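*Asks:* The structure is given below, and queries will be raised subsequently.
The values are calculated or read from the model by the stated rules, or taken from the named source; none is laboratory data. Remember, predicted model here, so these are calculated numbers, not experimental data. Quick reminder, even Gly has a Cβ in these numbers, built from the backbone with ideal geometry, and neighbours come from all protein chains shown.
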Amino acid sequence: MLKFTNTFRDGIGFDTVLVVMALGYLVVFSAYPLAYNLLMSFQSVDLFTLTSFDRPFVGLDNYREVLSRPETAMIFWNTVKFVGLSVLAQLCVGFALALFFQLDFPAATWLRGLFLAGWIMPALVVGAVWSWVLAGDFGVLNHMLRQIGVIRENIFWLSDPDVALYSVIIANIWLGVPFNMILLSVGLAGIPKDVYEAASMDGAGRVQQFFTITLPMMRAQLGAVISLGVIFTLQQFDLFAALTQGGPSNASNVFQYWSWQLAFQNYEIGLGSVVSVLMIGFVIAVAFIYVRSTRYEQES
Amino acid sequence: MTCQISLDRINKYYGAYHALRDVSLQIDQGQFVALVGPSGCGKSTLLRTIAGLEGITDGTITIAGEDVTHLAPRARDLAMVFQSYALYPHMTVRRNLTYSMRLKRRTRAEIDHAVTEITRITGLEGLLERYPRELSGGQRQRVAMGRAIIRDPKAFLFDEPLSNLDAALRVHMRAEIRKLHNRLGATSVYVTHDQIEAMTMADHVVVLRAGRVEQQGAPLDLYDRPVNRFVAGFIGSPAMNFIPATVTPDGGHVSLELPGQPVLRFGGRRPAGEAVMVGLRPEHLQTGPSPDAANRLTLPVAMIERTGAQSYVVCDTVPEVMVSAPVRVEDTDEIVLGIDPAQLHLFAPDEAGLRLDI
Ligand SMILES: Nc1ncnc2c1ncn2[C@@H]1O[C@H](COP(=O)(O)OP(=O)(O)OP(=O)(O)O)[C@@H](O)[C@H]1O
Ligand SMILES: [Mg+2]
């Protein structure tokens, strides 16, 4: 018995079990759903055939259908705007805050802790809070803007088609800033102080130090933060569910929410799969860039 | 000689901790000054206040006649070589060297010319396109030096630049830095905790303890006439032996508190019966064939260490007496030591341990 345990632990047995467990997990919870999703995007699926593989193949019909829908272009551009603006603003605000907290001032640690609030709250709760803030008639934001005299009439942040998307973007920026700040803070802390001192002896002012030392030395972190930011933003679902449900009339709809609507509200499951397949392709491309940027980091 | 760097009663506090106390220092144009002292005495702090990397609480710093006390580092025109080298990790050697020139927007031709010159001086040929992580410790050290030299600054500041190198390379670089100094004729301030480095490289040595200047002067003056027991013990290797003693009634001899109460002449006069601390350098205890017959010590031997050129004899006494002899000492139970009265130092036995005139 003891001999068996030993061979099991020291020999190849234990390793095999570990590998099989990890692989099994990946196959069951990642690979299978992905493959299943890909399969469904080429089939005609309805609620009754959802659980069987035996469904009529329709080739690229689902893809043609999705691309020819009148709302597709709008939702595509909404997604681009949502991801682009969110990531850009999260990065700028997060970087600015990270630089700010680099300065040694009293209560810096405390304040930084406060900024994590957004990170530890479930996105659905954040959505609920923001829906109060942004509410048209009783919202905090409208109240404040009226008080300081910026606006006279209430703005209907969540139901005005011109601003609904931007409202979600603002909430999403708030949600993503802490993550950016923490990751960039770690990067900033990794730059040795004496390198800055050497630069200041060499004649570089603060601004020159930022552009010649800080930015180039943060390349890997910036790459990681941007790619992860794009991936997280493409996953952002809860805020849409809590704030606008993609409305009014798709004015604030994006692919990830639309895919869910198609599949689980309209039961056009094949079409929903198509949208998610397209998104998977895009995320894989971004993930590739991310892996490349972290590989650069390991080399240096 | 014009005074290049002048410090006038510098005081520096880190919170409540008094890191520099009334430090005053005059450094002449072209001088090589070493700051030495035990760990934590404030050497780096002093150097960094000169550089402007640390503010000071009180006092004035003047560089080339200009009051720079409140100027930023980049306005002082000094170059610093850091202990860690602090090379820019994301820049090649060439870009590290030319960083300051590029900030000043110097022309391509000027930069290329300077790089050629500096690579020749520092021997960095063929390494220009490497990154710092691809260099050995000694090569990084050279890049750090080159980055300072290319600036042609008012003065060079070095903070223990050799402490990360192995012993052989350290001796080599020591000579090289000194040669470079002679050639450039620039003013240099050099921090080290290694008194040998200070003695061999500097024209002027400043000994610091707990933020205070204990003594400054030419290296051999510090060796010959240390002002107190601390400097006496710090300068010289192995360290000076200190033996408690009492001045004899005739006022010209001391009776050592060693077995047998040996009496030594010190070639001067002190009040009879005064308690003193006798300082004897290990290398001044002569083991040769005919030591001075009048001034002799016979001590039991605990151990003999031979390095080839030198023999170190540790005597079995309290306090322990160390002898450094330039000959091979045979195994023996007792050693006879001759002492030149001119090489015998007397210090007060109290905490301050000031030198007593003889
Ligand atoms: N930023 C700081 N805050 C508080 N105390 C400091 C700070 N920097 C240095 N000190 C203290 O000031 C004293 C002098 O430090 P310094 O670095 O100048 O020593 P040093 O002589 O260079 O020692 P070493 O040979 O170990 O480098 C030390 O006691 C140190 O603890
Ligand atoms: Mg130091």
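*Asks:* Which one is farthest from ligand 1 (Cβ to nearest atom), of the residues in region B:138-167 that are within 14 Å of B:T192 (Cα to Cα) and among the polar types (S, T, N, Q)?
*Replies:* Only one residue tops the list, namely B:N164.
*Asks:* Taking the options B:V227, B:V205, name whichever one is at pLDDT 95 or above, assigned by TED's automatic domain parsing to the domain that holds B:R174 and more than 21 Å from B:D350 (Cα to Cα).
*Replies:* When all the criteria are applied, what remains is B:V205.
*Asks:* For region B:283-353, give me every one of the strands (runs of 3 or more DSSP E) that falls completely inside it and has 1 or more residues that are assigned by TED's automatic domain parsing to the domain that holds B:P244 and more than 20 Å from B:D224 (Cα to Cα).
*Replies:* B:296-306, B:311-315, B:334-339
*Asks:* Within region B:310-339, can you find the residues that are over 21 Å from B:P244 (Cβ atoms) and in contact with a helix residue (DSSP H, G or I) (Cβ under 7 Å, 6 or more places away or on another chain)?
*Replies:* B:S324, the sole residue that qualifies.
*Asks:* Let me ask another. Among residues belonging to region B:3-26 that are more than 16 Å from ligand 2 (Cβ to nearest atom) and aliphatic (A, V, I, L, M), point out the one that is farthest from the chain's Cα centre (by Cα).
*Replies:* B:A16
*Asks:* What's the number of the only condition in (1) of a type in the set (A, V, I, L, M); (2) farther than 24 Å from A:W119 by Cβ; (3) away from chain B (no Cβ under 14 Å) that A:A199 fails to meet?
*Replies:* It fails just one condition, (3).
Here's the yes/no breakdown for (1) touching a residue at least 24 places away in the same chain (Cβ under 8 Å); (2) out of contact with any Ser or Thr (no Cβ under 7 Å at 6 or more places or on another chain):
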site: B:I5; (1), (2): yes, no
site: B:L20; (1), (2): yes, no
site: B:V23; (1), (2): yes, yes
site: B:G37; (1), (2): yes, yes
site: B:S44; (1), (2): yes, yes
site: B:T62; (1), (2): yes, no
site: B:D67; (1), (2): no, no
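*Asks:* Select from region B:39-89 the residues that are small (G, A, S), within 16 Å of ligand 2 (Cβ to nearest atom) and away from chain A (no Cβ under 14 Å) and list them in ascending order.
*Replies:* Matches in region B:39-89: B:S39, B:G40, B:G42.
The rows are residues; the columns are (1) farther than 18 Å from A:G205 by Cβ; (2) touching a helix residue (DSSP H, G or I) at 6+ places or on another chain (Cβ under 7 Å).
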residue	(1), (2)
B:T49	yes, no
B:G55	no, no
B:A64	yes, no
B:T69	yes, no
B:A75	no, no
B:H90	yes, yes
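*Asks:* Continuing with the same structure: Enumerate the pairs (first residue in region A:139-158 and more than 18 Å from A:V129 (Cβ to Cβ); second residue anywhere and among the polar types (S, T, N, Q) and not in a helix (DSSP H, G or I)) with beta-carbon separation below 8 Å, excluding pairs fewer than 6 apart on the same chain, so at least 6 apart or on different chains.
*Replies:* Sorted first by the residue in region A:139-158, then by its partner, the pairs are A:R146/A:N154.
*Asks:* Now a separate question. Give, as residue ranges, the helices (runs of 4 or more DSSP H) completely inside region B:116-222 that count at least 1 residues that are within 14 Å of another protein chain (Cβ to nearest Cβ) and more than 16 Å from ligand 2 (Cβ to nearest atom).
*Replies:* Per the criteria, B:137-149.
*Asks:* Is it fair to say B:A34 is out of contact with any Lys or Arg (no Cβ under 7 Å at 6 or more places or on another chain) and closer than 17 Å to A:A198 by Cα?
*Replies:* So B:A34 does not fit the description; no.
*Asks:* Exactly one of these conditions fails for A:L124: (1) out of contact with any Asp or Glu (no Cβ under 6 Å at 6 or more places or on another chain); (2) surrounded by fewer than 20 Cβ atoms within 10 Å (Cβ to Cβ). Give me its number.
*Replies:* Unmet for A:L124, out of (1) out of contact with any Asp or Glu (no Cβ under 6 Å at 6 or more places or on another chain); (2) surrounded by fewer than 20 Cβ atoms within 10 Å (Cβ to Cβ): (1).
*Asks:* Of everything in region B:251-267, what is outside any strand (DSSP E or B) and within 18 Å of B:D357 (Cβ to Cβ)? Give them in sequence order.
*Replies:* B:G251, B:G252, B:F266, B:G267
*Asks:* Any residue at all in region B:37-59 that is more than 16 Å from ligand 1 (Cβ to nearest atom), touching a Gly at 6+ places or on another chain (Cβ under 9 Å) and of a type outside the set (D, E, K, R)?
*Replies:* no
*Asks:* Only one of these conditions is not met by A:Q221: (1) crowded, with 22+ Cβ neighbours inside 10 Å; (2) within 14 Å of another protein chain (Cβ to nearest Cβ); (3) over 28 Å from A:A171 (Cα atoms). Which number is it?
*Replies:* (3)
*Asks:* Show the residue pairs meeting these rules: Cβ distance below 6 Å; 6+ apart or different chains; first residue within region B:137-162 and in the same structural domain as B:M80 (by TED's automatic domain parsing); second residue within 16 Å of ligand 2 (Cβ to nearest atom) and among the aromatic types (F, W, Y).
*Replies:* B:R140/B:Y85; B:A144/B:Y85; B:F158/B:Y190; B:D159/B:F82
*Asks:* Continuing with this model, one more query. Exactly one of (1) at positive phi; (2) within 14 Å of chain A (Cβ to nearest Cβ); (3) surrounded by fewer than 16 Cβ atoms within 10 Å (Cβ to Cβ) is unmet by B:K104. Its number?
*Replies:* Against the list (1) at positive phi; (2) within 14 Å of chain A (Cβ to nearest Cβ); (3) surrounded by fewer than 16 Cβ atoms within 10 Å (Cβ to Cβ), B:K104 comes up short only on (1).
*Asks:* From the list A:V129, A:V20, A:V87, A:V80, exactly one residue is over 24 Å from the mean Cα position of the chain (by Cα) and either at pLDDT 85 or above or charged (D, E, K, R) (or both). Which is it?
*Replies:* That would be A:V20, the only listed residue that is over 24 Å from the mean Cα position of the chain (by Cα) and either at pLDDT 85 or above or charged (D, E, K, R) (or both).
*Asks:* If I filter region A:184-196 for residues that are within 14 Å of chain B (Cβ to nearest Cβ), farther than 21 Å from A:L88 by Cβ, of a type in the set (D, E) and in contact with a helix residue (DSSP H, G or I) (Cβ under 9 Å, 6 or more places away or on another chain), do I get at least one hit?
*Replies:* No, because not a single residue in region A:184-196 is within 14 Å of chain B (Cβ to nearest Cβ), farther than 21 Å from A:L88 by Cβ, of a type in the set (D, E) and in contact with a helix residue (DSSP H, G or I) (Cβ under 9 Å, 6 or more places away or on another chain).
Here is a yes/no grid of residues against (1) assigned by TED's automatic domain parsing to the domain that holds B:V206; (2) crowded, with 17+ Cβ neighbours inside 10 Å; (3) more than 23 Å from B:D194 (Cβ to Cβ); (4) among the charged types (D, E, K, R):
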residue	(1), (2), (3), (4)
B:S39	yes, no, no, no
B:G65	yes, no, yes, no
B:A72	yes, no, yes, no
B:M80	yes, yes, no, no
B:P89	yes, no, yes, no
B:S100	yes, yes, yes, no
